[in-house]
Structures are given as structure tokens and as C-alpha cells.
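Shown next, in C-alpha cells, is the structure this report addresses.
The values are calculated or read from the model by the stated rules, or taken from the named source; none is laboratory data. All values derive from a computational prediction rather than experimental measurement. In this analysis, Cβ positions are derived from the backbone assuming ideal geometry, glycine residues included, and neighbour counts consider all displayed protein chains.
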Amino acid sequence: MAGLKDSDDYKNGERFKGAGNFGWIALGVGAVATAAFFLIAFADGKTGDGYSMTSCMAFSWLFAVVFFLSIAVGGMFWTLLHHATNSGWGTLVRRLMENLGIMIPVLLFLALPLILPQIGFRDALWEWFEDRAVAESTAEKKADEKKAEYIADIKTKAEKAAGQLAKIEKDKSSQSNITPGVARFYDDQIKSLTEKSEVLAAHANQPEEVLVDELRDKEFKNANALLHAKRDFLQEEFWLLRFGIYILVLGGGMYLLRSTSVRQDKSGDPKLFTKMQVMSCLLLLPFAVAWTFLVFDWLMALDYSWFSTMWGVYLFAGAALNSMGVLILVLSGLRKAGYFADTITKEHYLIMGKLMHAFVIFWAYIAFSQFFLIWYANITEETKFFLTRNTGFWNLYTIIFLVVGHFFIPFIALLIRYNKTTTKIICFIAIWNLLMHFFDIYWIIIAERAPSLTQGAVTHIKGMWMYDLLAFVGVGGIFIFCLLKTLGTASLFPCRDPRLDESLNLTN
Amino acid sequence: MSDSTTSSKELFGYVAEFESAADLYHAAEKVRDAGFKKWDVHTPYPVHGIDHAMGLGKSWLSAVVLAGGVAGSFTALFLQFFTQVSLYPTVVQNKPTNLFTIPAFFPVTFELTILFAAFSTLFGLLVFIQLPRWNHPLFESELFKKFSDDGFILVIESRDPRFKRDKTKSFLEEIGAGEIEAVVV
């Protein structure tokens, strides 16, 4: 058909010439906010209610990092999905997805203050570090006290069993005229007692250290049964190892994908296209597992006694939804600056709007299912999360921002095709969704702050929202600066991708 | 006029075959621009953008689906609130029986919304495309049958106000039609 665009006309790509001073302003604001944040956090001050400033601000930093990390991870998801589903519609915007995804290493770096125990954030956020140390030292002390008694008890039990066995054997041999039935009765008893005494003797004959360890484990369980049940997972070395795996899978995987894609810009080698597809298919599962466990480690473990199996997918839904929003915003910004002038059409916006709509519904589906199952089952261990968030201030907050703001309003707005294809309206909806994502992550992390730091004494620590915003501006400024820098490092779209034709001539 | 019509029969319209999807696409644009309304194209496979080339507006089906979905939501909510909150308050695990019972009602509401929307899609579509029907005049045409094999077919019906027996035929020839058949029923 006439009027088809030819990808040969676009094979040299389009270069981003920088956003003028905007990036540097963002960096300046971000750096100042971050510096101010850490100065205040380390000043060792107290909040108005007398709680440790460092501990309170740990939650602010986690909030800011997770918000932007979720968007970067969403960028990686869209890249993986685009390759794995053999898509052609979004080849033009795929580089933007890749650029968003490559922010993962930046944000994992910004997460280091949370990981390093010296900063003082880690133990404030995740009580299990301290609770575990307490439980273990209690267990140690108790084990030391009871050691002699415990070992003696085990030995006595073993000796007693051996004594019983000897007695029965003697009894049997003392019977002169034994009937087969009685003989069998004795044999059965001898057999079971032999087994029992063997087990007890084996137990008692172990080296003393093994027995003490056993006692220590029992005392650990007595001191904190919930933590004892999760002792293999909530363990410092394994926790650090997992952080390393996240860097490897999320950061490393994204780096590989993006660098392959950039290499293709020069050579145009179609083999690289296939290679990226294979890579994406192989990465999808590790990606899902890494993100799920990252949010288990960082968010679910804020209260180690609580658990939800839908947690990973809940955070994923928000991440995918809002990184699509950021993609729309970045694309529209670039178009306003004159890029993508004759390549991106309403059709691309329509698809992106549809995907955003789908994920608005998906998020609501997952969020409601998580709530519904816990609400309906009414099991003490599970309801804790929603009890905190369904009472007082947080109840109104949940209804306004999460039920109405995060679902009903964008759901209805995105039903209308005109809204999806009109740049201004879809950008407004994307910003709205980002704002709701802000409230969602805030609700997850900050609602936990006061109950966690005050052992449930208060539900709110006054005046802390300012520092939450400060952290958000700090991380956000750095994020925007890095994103703008990355945009300029390669063509704005994969200019020699074999699927470019399809994307250029997209029709819905 | 090569076609032999008798006075007792009526001309239903012209069936025209085109070489390729691209030819048909451009022909459709021209027919659209000529102002015809009662016409259609038939292809062996979906042609991207043909609705635009034909100048088709937005279908009203989505409005019907929306109405169906909303009706489904309200039906479900009404049924559940009426029976389990107002008529016979059902207390489960000390949960409230008032407006805040609503989480328990969501699964059914969701399902009925989907069900009603799906039904209104199907039945709305059947109404719009006037199905089911016993027969269609186009089935008389031998040429028309090619659309399910390798033919790209354009049909202009005689009930179109712009339809003129000779003029329309020459118009079709002009825009690149190969074989043209007059369907008489």
C-alpha cells in the first residue's frame, strides 16, 4: 500500500541532543535533597515525639528507592515481554524501555544505605536482624545454663531404656516353660525396646557440642517461634547473597539486553535480534523470581511475622503499570522537543494506553484478591497487615487513593479511545497513575513505620512526611538526570532492528 | 449492458473482483470518496486499515457492551444486597451486614459484569450484522464465492442512492476492477 514508511529511511536512527539545563537542574535538586536528607538522618536527632530520626528516615529512603526501582524494573519487564512475545508494535519505543530498565543498577546502588548495617537504616527497617540476635543470644545463655542438666537427662533416658531392655530379656530367660504366644509377646517387646534404646543411645553418644546446638535451637524456638520457623531464609549471609543475585539478574540481565540492542544499531546483524529473543525468554523466569524475592526481602520483611503469597505479583503489577506511564511521558516529552516527529503515531499511543488500561485492571485484580482472601479467611497472622491499614487515618487513605484513585478513575478514563490517543489526556492519566503509585508504595512502607518503631504504641509519627518527600525528591532528581544522560548514549530507537518496518507502519 | 435481466428480477448490485489486497484497498478509498454508503468488501484474510480506507466510523457495539456490563454490575449488586443485607442479613464470621459487606460481593459482581458484557457483545453484534438470516442475494453470485479462496471482492448494492446501472459499472472498471458480475435476484 502506498504511504508505507520504509525502515531504510530511518536506519541512521535519531540522536537525543540533551535536554539543555533540565538534566543538570534535576541532578542539582536531587543531590542537594539527598545530601540534606543524609545530614538530617545522621544528625542523630529526635522527632517531635522523641523517636530516633535515623530510624524514622530509614523508611523514607526505602520508600523513595522502591518507588523508582519499581519503575525501572517495569522497564525491564516491557523489554523482556517485547522480545519474548516476538512483538513488532513497539520496536520504536523499545529503546526507551531499555533506557528505563538500565536505571536498575543506579537504584540498586542508591539502595546500598539500606543494605550496609553501619548506616543504621537496616536494623530500623527490618526488625528481624535485631530480634534474631536477641533470640539467639537468649538461646545461647539459656543453653549454657541448662547444658549439664539437658545432657544428663538425655543420658539418663538412654540408660533407662537400656535397663528396661535388660530386665525384659532377663524375665524371658527366667521363664522355664514358655508358650509360643508368650514368647512372641516377649520378642515383640524386646524388639521395640531394642530399637528405642538404640536410638536414645545414638543420641546420647553424640559429641557434647552437637547436643548443645540442639538445645540452643530448642531455646531459639522458645524465644521466638515465628522467626525460628523462617530462620533459614531470614539470615544475614543468605540475605546478602540474595541482594547479590538481584544485582546479577536484574542489573546484569538488563545491561546485556541493552548492550546487545545498541550493538545492533551499528551492525544491523539480524542474528542479534534472535539472540535478544532467546536471552529474554531465558531471563523472564529469573526476572520474576528476583523481583518477587526482592520485595519479599525489602517490603514483606518489614514485618517478619506477616506473609502473603501474592506480594510479588502485587508489586509487579504496580511496576509494569507505572513504567508504561513513564514511557508515555518520556515519549511525549521527546515528541514535544521534536524527536519521533514522523515515526510515532496515534496508533502507538493507543497500544500503550491499552496496555496501561490492562494493567490498571490487573493491579486492581491482584490488590483486591490479596485483600479479599485475607479478609475472608480472617487468620490472625495474616490480618495484621490490613488491620494496620484499615483503621483510622489509613482507612480513609486506602479508600480514596487505592480503591477510587488507583482503580476506578483511571479505569473509566482509559475506557474511552479518545483519551488514549490524545497526547495531553493520556499524559495526564499517566501522571495521575504515578501519583497513585506513589500513594500505593507509601501505604505499603510508611504505614509500617510507626507500629514497627514504637511496638504498636502509636500509628503515626508526626511531621515525618516532609522527610519522605525529601527522599523522594533526592532519588527522583538523580533518577531523572541518569535517565536523560542514558537517552543520549544511543539512538532513540533501535534503528536497524528487523521489526522496525512493522512498528513504523503500525495500525491497530 | 451485458447482463441479461428480466423485468421480474431485480438487480441486487455489482460484485467486482480485484487483483490484490492493495488494489482493493485503493479501490475502497475511491468508492468511499465517491460517496457510496451501501457497499462492502470481502477478503480471504483481515486487511489492516481497510476500515479506515472504507471510511467506517466507530462501531456502536462498544456502547452496547458498556450498557451490558453496567447492567451486569447492578444486577449482581442488587441481588446480593437485597437478599443478604436487607431481606435476610447473613452474618458470616462477625463481618458487617451493611455497605461494607461489599468485598464479599465483588467476585459475583465481577463475574456477572463479564457475563452480561459478553452476552451483549454477541447478541449486539448479531443484531448489527442482521444475523441469523435464511439467505443472502450474494450467494447467487459465482464470483463472490472466491472471497473465501483468493478473491478480493468489492460489492456495491443497488439500494445505494448513488447507484446507477451503467455509471456504477464503468466506475468500477475505472478504479481497476477485474471481473464484474451483476447479481440479479
Just one listed residue, out of A:Thr388, A:Thr343, is outside any helix (DSSP H, G or I) and hydroxyl-bearing (Ser, Thr, Tyr), and it is A:Thr343
Which numbered condition trips up A:Leu96, out of (1) touching a Ser or Thr at 6+ places or on another chain (Cβ under 7 Å); (2) in a helix (DSSP H, G or I)?
-> (1)
For B:Ala177, are the conditions met, namely being over 30 Å from A:Leu415 (Cβ atoms) and touching a Leu at 6+ places or on another chain (Cβ under 9 Å)?
-> yes
Right, A:Ile366: surrounded by 15 or more Cβ atoms within 10 Å (Cβ to Cβ), of a type in the set (Val, Ile, Thr) and within 14 Å of another protein chain (Cβ to nearest Cβ) or not?
-> yes
For the range B:26-57, the count of residues that are assigned to a loop (DSSP other than H, G, I, E, B), within 14 Å of chain A (Cβ to nearest Cβ) and within 11 Å of B:Leu154 (Cβ to Cβ) equals 1
Residue list for the range A:377-386, restricted to those being modelled with pLDDT of 90 or more and hydroxyl-bearing (Ser, Thr, Tyr) | A:Thr383
Can you tell which of A:Ser173, A:Ser137 is in the same structural domain as A:Asn222 (by TED's automatic domain parsing), farther than 30 Å from A:Asp297 by Cβ and free of Cβ contacts under 8 Å to residues at least 12 places away in the same chain?
-> A:Ser173
Qualifying positions in the range A:1-33 - away from every other protein chain (no Cβ under 14 Å), closer than 30 Å to A:Asn505 by Cβ and among the hydrophobic types (A, V, I, L, M, F, W, C) = A:Phe16, A:Ala19
Between residues in the range A:77-89 that are closer than 16 Å to A:Ile351 by Cβ and residues that are not in a helix (DSSP H, G or I), which pairs lie under 7 Å by C-beta distance while being six or more apart or on different chains?
-> A:His82/A:Gly90; A:Gly88/A:Arg499; A:Trp89/A:Leu506
Note on A:Leu350: of the conditions (1) more than 14 Å from chain B (Cβ to nearest Cβ); (2) in a helix (DSSP H, G or I); (3) under 30 Å from A:Asn505 (Cα atoms), unmet is (1)
Being more than 12 Å from chain B (Cβ to nearest Cβ) and among the β-branched types (Val, Ile, Thr) is the filter here, so list the residues in the range A:376-397 that pass it.
-> A:Thr380, A:Thr388, A:Thr391
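Looking only at the range A:414-430, how many residues end up being within 14 Å of chain B (Cβ to nearest Cβ) and in contact with a helix residue (DSSP H, G or I) (Cβ under 6 Å, 6 or more places away or on another chain)?
As a first pass, look at the range A:414-430 and keep what is within 14 Å of chain B (Cβ to nearest Cβ): A:414-421.
This time we only want the ones that are in contact with a helix residue (DSSP H, G or I) (Cβ under 6 Å, 6 or more places away or on another chain), so: A:414, A:419-421.
Adding up the residues that qualify gives 4.
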Across the range A:1-42, what is the total count of residues that are of a type in the set (Gly, Ala, Ser), modelled with pLDDT of 90 or more and surrounded by fewer than 16 Cβ atoms within 10 Å (Cβ to Cβ)?
-> 4
Restricting attention to the range A:422-456, report how many residues are among the polar types (S, T, N, Q), surrounded by fewer than 18 Cβ atoms within 10 Å (Cβ to Cβ) and assigned to a helix (DSSP H, G or I).
-> 1
Every residue from the range A:283-302 that is over 30 Å from A:Ala447 (Cβ atoms) and touching a helix residue (DSSP H, G or I) at 6+ places or on another chain (Cβ under 9 Å) | A:Leu283, A:Leu284, A:Pro286
Quick one: is B:Thr83 out of contact with any Cys (no Cβ under 7 Å at 6 or more places or on another chain), among the polar types (S, T, N, Q) and under 20 Å from B:Glu179 (Cβ atoms)?
-> no
In the range A:99-112, how many residues are of a type outside the set (Phe, Trp, Tyr), farther than 19 Å from A:Leu284 by Cβ and either free of Cβ contacts under 8 Å to residues at least 60 places away in the same chain or not in a helix (DSSP H, G or I) (or both)?
-> 3
If you take the residues in the range B:68-118 that are within 12 Å of another protein chain (Cβ to nearest Cβ) and not in a helix (DSSP H, G or I), which one is surrounded by the fewest Cβ atoms within 10 Å (Cβ to Cβ)?
-> B:Asn94
Please determine, by comparing only the residues of the range B:160-185 that are part of a helix (DSSP H, G or I) and either modelled with pLDDT of 95 or more or not polar (S, T, N, Q) (or both), which one is surrounded by the most Cβ atoms within 10 Å (Cβ to Cβ).
-> B:Leu172
Taking B:Pro132 as the residue in question, decide whether it is within 30 Å of B:Lys30 (Cβ to Cβ) and more than 14 Å from chain A (Cβ to nearest Cβ).
-> no
What is the one condition in (1) touching a residue at least 60 places away in the same chain (Cβ under 8 Å); (2) surrounded by 19 or more Cβ atoms within 10 Å (Cβ to Cβ) that A:Ser267 does not satisfy?
-> (2)
Mind counting the residues in the range B:127-159 that are part of a loop (DSSP other than H, G, I, E, B), crowded, with 17+ Cβ neighbours inside 10 Å and out of contact with any Leu (no Cβ under 9 Å at 6 or more places or on another chain)?
-> 1
Out of curiosity, is A:Ile71 in a helix (DSSP H, G or I) and without any contact (Cβ under 8 Å) to a residue 12 or more places away in the chain?
-> no
